[in-house]
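The values are calculated or read from the model by the stated rules, or taken from the named source; none is laboratory data. Please read these numbers as outputs of a predicted model, since none were measured by experiment. Neighbour counts are summed over all protein chains in view; Cβ atoms, including those assigned to glycine, are modelled from backbone coordinates with ideal geometry. Calculation scope for accessible area: heavy atoms of the full protein, side chains included, ligands and nucleic acids excluded. Shrake-Rupley method; radii C 1.70, N 1.55, O 1.52, S 1.80 Å.
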Amino acid sequence: MRYRTRVTAPVAALLTMAASLAAGPAARAADRLAPARGRVRGRTGTGAPGGGSVGDRVFPELGNSGYQVEAYHLDLTWRADTRLVDATATLSAYATQALSGFSLDALGLDIHGVRVNGRSAGYQQRGEKLLVIPHSCLPDRGGFAVEVDYTADPRRILPHTGWVPTPDGFATAGQPQSAHTVFPCNDHPSHKAAFDFRITVPEGLFAVANGSLVATTRTSTMTGAPQTTYLYRSRHPMATELVQISVGDYTVRTRQGPGGLPLRDIVPTSRAAALEPALALTPGMLGWLEQRLGPFPFETYGLLPCNSDDPDAFQFTGLETQTLTLYKPGFLLDPESSIGSHMMHELTHSWFGNCVSPASWSDLWLNEGHADYYGLLYRYEKGWTDSLGLNTLDDRMKYTYARGDQWRQDSGPVAAPSAANLWDSQRYTGGVLVLYALRQTVGEDTFNRIERTFLERYRHSVATTADYVAVASEVSGRDQSGFLNDWLYGTRTPKMPGHPDWTVTPATRPAPGSGTGAQRLRHDASATL
């Protein structure tokens, strides 16, 4: 799909930068090693364009280099009459090289203007990149601010989208690579930043975002229509894929969690009473998980069952967004035995995925394997049968172990996904199998210390699979790299410690078009627990 191109700087400069950013990953890597290549002259100095990728193996076109965003300020106005969002995104950043230009990830946004340090800048939309040429070269290690004015249509059909349209507004679901359809950004989990949100809505609607509500202001439009502006601020850095912004006819339900943790659920007003039994489960779940992983890592938590059960708009049951978990509301109307382990899965992401984010999308198993591990533990401790009719973790792991070679053939090793199979069961219960094997080797007490040490060491930061392996080796007092690398990257399933009788079913080649042995998922715990 083509988007409007608007040129407000010398065409030659934009095209030179565009050619550099549009080059393949190998060419961009070469440019990073030899930054003098493809230099363009700014109006008051020289520099090189930043790169249009951070080199992620799963999403090689995602992210940008040459700068680091420190904070995002998102100012959005929901226009109920047109169902459009008018917005300004302000990014506070610093250059990691002398920059003649740089790019942001952006798709499906109608850009009206770009300013760098308060001065109009040249820009061009090209594919999923917004190319920016500042008025003058940005010095290496120098701070700068970027303001982008734009309009977004949550209903726009795109190759992928982070918008979830609802009858009364919208929610957002940016995972894994769609936050930049909501706001221009450096859209990769390794680039965490501070966030605050200013959301203006017509009277009668409520707006929510990550973090805590710090101010509410009531004003009027130019035509005199009353409106309300809500200001939210996140206390801790956040990956772009975890951003949540939602507008609708919502009611706020508050309660306390362990240690007085403030909990706030944002629920459709028409369903508030019906959803209360599910909402009331959170304090007990928090207490159960804090006993295993330590204190909750954020300032608040809550559920956001947005007002949409449309399967086309909402293709998953639950999705972690920092300090809020987005749900399809109809799911939370089911009995506790049906939803409890899935709620635990999403809650676990507050630790694994949100507090400690993956350094690359190849590290996704750290998020999903841990979320399924604690979700399953909770299910079996409660005495609930799982989706396969099994009642213990040992039984579930024996079942999963038998399919190990088939899953490795169909979906690749646990820690080596592709974009096509990123959400397969291999990253979920396949990841649980890796954690189970480690626990079998080091013992439960040592395994629990590995978990807590890893979370504490990389708290509010990012971590790689290698970081987890290193912590496991350090805490256990034995080099676990060979053992874990076989489980994480091997093409054949290793022997399961403590279970010499377990066997792996030989892999068979699937017939063309028959699918894979692992379930296809889009972050949907309900398919695996």
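Side notes on the structure shown:
- Counting only residues that are within 23 Å of the chain's Cα centre (by Cα) and either of a type in the set (G, A, S) or surrounded by fewer than 23 Cβ atoms within 10 Å (Cβ to Cβ) (or both), segment 95-126 holds 3 of them.
- A single member of R141, R155 is under 23 Å from Q244 (Cβ atoms) and either crowded, with 22+ Cβ neighbours inside 10 Å or not hydrophobic (A, V, I, L, M, F, W, C) (or both), and it is R155.
- Boolean, T464 is modelled with pLDDT of 95 or more, open to solvent by less than 30 Å² (accessible area, probe 1.4 Å) and hydroxyl-bearing (S, T, Y): no
- Any hit, segment 250-262, residues being over 18 Å from N307 (Cα atoms), in contact (Cβ under 8 Å) with a residue 24 or more places away in the chain and either touching a helix residue (DSSP H, G or I) at 6+ places or on another chain (Cβ under 6 Å) or surrounded by 23 or more Cβ atoms within 10 Å (Cβ to Cβ) (or both): yes
- The condition of being among the β-branched types (V, I, T) and more than 25 Å from P237 (Cα to Cα) holds for only one of T300, T269, that being T269.
- Within segment 266-301, the residues that satisfy the criterion of being in contact (Cβ under 8 Å) with a residue 60 or more places away in the chain and β-branched (V, I, T) are I266, V267, T282, T300.
- Within the option set R449, R427, R439, being free of Cβ contacts under 8 Å to residues at least 60 places away in the same chain and either over 27 Å from the mean Cα position of the chain (by Cα) or part of a loop (DSSP other than H, G, I, E, B) (or both) holds for one residue only, R439.
- Test: D363 is within 24 Å of K495 (Cα to Cα) and touching a residue at least 60 places away in the same chain (Cβ under 8 Å): yes
- Flag if A80 is within 27 Å of P159 (Cα to Cα), open to solvent by 10 Å² or more (accessible area, probe 1.4 Å) and of a type in the set (A, V, I, L, M): yes
- L205 meets each of the listed conditions (1) touching a Gly at 6+ places or on another chain (Cβ under 6 Å); (2) open to solvent by 10 Å² or more (accessible area, probe 1.4 Å); (3) among the aliphatic types (A, V, I, L, M) apart from (1).
- Meets criteria (surrounded by 14 or more Cβ atoms within 10 Å (Cβ to Cβ), at pLDDT below 95 and among the basic types (K, R)) for R452: no
- Failed condition for L304, given (1) farther than 17 Å from W288 by Cα; (2) without any contact (Cβ under 8 Å) to a residue 40 or more places away in the chain: (2)
- Failed criterion for E61 (all others in (1) at pLDDT 50 or above; (2) closer than 30 Å to G169 by Cβ hold): (2)
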